[in-house]
Amino acid sequence: MIIVLKPGVSDEDLNNFKAYIEKFGVKVDRSQGENQTVLGLVGDTTVINDDAIKANRLVEKVMRVQEPYKRANRMFHPLDTILDFDINGRKSKIGGGSFAVIAGPCSVESREQLISVANDVKKAGAMFLRGGAFKPRTSPYSFQGMGCQGLDILVEAKKQCGLPIVTELMEFNQLELFEDVDMIQVGARNMQNFNLLKELGRCRKPVLLKRGMASTMTELLMAAEYIMAGGNDKIVLCERGIRGFDTFSRNILDLAIIPALKKKTHLPVIIDPSHATGYSWMVSSMSKAALAAGADGLMIEVHNDPEHALCDGEQSLTPDAFASLIEVLRKYAAIEGKVI
Ligand code: PEP
Ligand code: MN
């Protein structure tokens, strides 16, 4: 249930009204817009009589929320969520007119590889560095990532180049190892790992939540809701392609989910054209399309030697190709009123 208050309600009136609503046993989330205060009620609201609330002098309107996700719902929080990062005074953000580009290799393979890619993508204009240390691989015989050593290398790269780092957490009991990580990725395979989501709800770090390869938009939003229900509202949603029947691309990039998510949620939405297509030659066109469709950013795989990459080389851009893409995207971003 959503209660929109009339403009100019005093703090005292608001607190009394909130206390009155809480007596029904529901939690009240307050969202303060420029001219509007919205109260979002979470819990069993069937015990609340809409007409009685509507009759209150402070109330402008009352709406029932049909969707099962509440805190992630735009009705609860009409303004876009913006995530702010600050690495030693170097500021960056996701959402709010910034087109955030996250770039780096699929996996951390060595110190030299990661530092070299980090410097290249930073020079080209990336705002975040990605790299997997713990890799979810289909085959147990494939490279599984460098683990803790990979995390140390990422942290060193962050110190050297000043970019915030994004990397995947697979096990909820490994969270303490991620202290110096700036944004924790939940991979497609773990989107419905509810224990992991609950643990991330308890922590206060930004989470990059990737859509499961056969998950609906509602399931993605319910996964975000799990994290938000625990008190962590710093979430970025990432579309990375879903399973289809055709084999010309690795997955089907569902760009239509961008306007759909923008309508339903206040959380930022980014696109991963690398995993979505599986081929580096498709990454540029899909990146431009994502920007035009209203995405808040991109996550792109970049490797200094894609031919010899230990993971996902075929879909990885070279640093030069990435730099050329950013040049073009800057022009597109200007048309969309966004900044890279
Ligand atoms: C990744 O980003 O490295 C990754 C494994 O992605 P996904 O979970 O989308 O497959
Ligand atoms: Mn990958």
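The values are calculated or read from the model by the stated rules, or taken from the named source; none is laboratory data. These numbers come from a predicted model, not from an experiment. Cβ coordinates were reconstructed from backbone atoms using ideal geometry, including for glycine residues, and neighbour counts include every protein chain displayed. Side chains included, ligands, DNA and RNA excluded: accessible areas come from the protein's heavy atoms. Shrake-Rupley method; radii C 1.70, N 1.55, O 1.52, S 1.80 Å.
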Verdict on N16 being of a type in the set (S, T, N, Q) and open to solvent by 40 Å² or more (accessible area, probe 1.4 Å): yes
Unmet requirement for L310, which otherwise passes all of (1) open to solvent by 60 Å² or more (accessible area, probe 1.4 Å); (2) in a helix (DSSP H, G or I): (2)
Qualifying residues in segment 91-133 (those that are among the basic types (K, R) and away from ligand 1 (no atom under 16 Å from the Cβ)) - the one farthest from K234 (Cα to Cα): R111
Residues within segment 269-283 that are within 14 Å of ligand 1 (Cβ to nearest atom) and either of a type in the set (V, I, T) or assigned to a loop (DSSP other than H, G, I, E, B) (or both), tallied: 6
Matching residues in segment 227-261 - criterion: being part of a helix (DSSP H, G or I) and over 20 Å from I94 (Cβ atoms): A229
Positions within segment 164-186 being in a loop (DSSP other than H, G, I, E, B) and under 21 Å from T81 (Cα atoms), in sequence order: P164, V181, D182
Residue selected from segment 49-97 under the condition within 22 Å of A334 (Cβ to Cβ) and touching a Lys or Arg at 6+ places or on another chain (Cβ under 7 Å), by the criterion modelled with the highest pLDDT: I82
Pick from segment 230-246, criterion more than 24 Å from P105 (Cβ to Cβ) and either open to solvent by 30 Å² or more (accessible area, probe 1.4 Å) or at pLDDT below 95 (or both), ranking: farthest from ligand 2 (Cβ to nearest atom): G231
Cβ-Cβ under 8 Å pairs, at least 6 apart or on other chains, segment 326-340 side free of Cβ contacts under 8 Å to residues at least 24 places away in the same chain, far side of a type outside the set (V, I, T): none
Residue check, M222 touching a residue at least 60 places away in the same chain (Cβ under 8 Å), open to solvent by 30 Å² or more (accessible area, probe 1.4 Å) and more than 16 Å from ligand 2 (Cβ to nearest atom): yes
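Here is a yes/no grid of residues against (1) touching a residue at least 12 places away in the same chain (Cβ under 8 Å); (2) within 16 Å of ligand 2 (Cβ to nearest atom):
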{"position": "N88", "(1), (2)": "yes, no"}
{"position": "F99", "(1), (2)": "yes, no"}
{"position": "I102", "(1), (2)": "yes, yes"}
{"position": "Q113", "(1), (2)": "yes, yes"}
{"position": "D120", "(1), (2)": "yes, no"}
{"position": "S139", "(1), (2)": "no, yes"}
{"position": "M146", "(1), (2)": "yes, yes"}
{"position": "K158", "(1), (2)": "yes, no"}
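Okay, residues lined up against (1) of a type in the set (V, I, T); (2) over 21 Å from A124 (Cα atoms); (3) assigned to a loop (DSSP other than H, G, I, E, B):
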| site | (1), (2), (3) |
| --- | --- |
| L267 | no, yes, yes |
| L298 | no, no, no |
| E327 | no, no, no |
| G337 | no, no, yes |
Residues within segment 247-276 that are surrounded by fewer than 21 Cβ atoms within 10 Å (Cβ to Cβ), within 16 Å of ligand 2 (Cβ to nearest atom) and of a type in the set (S, T, Y), tallied: 1
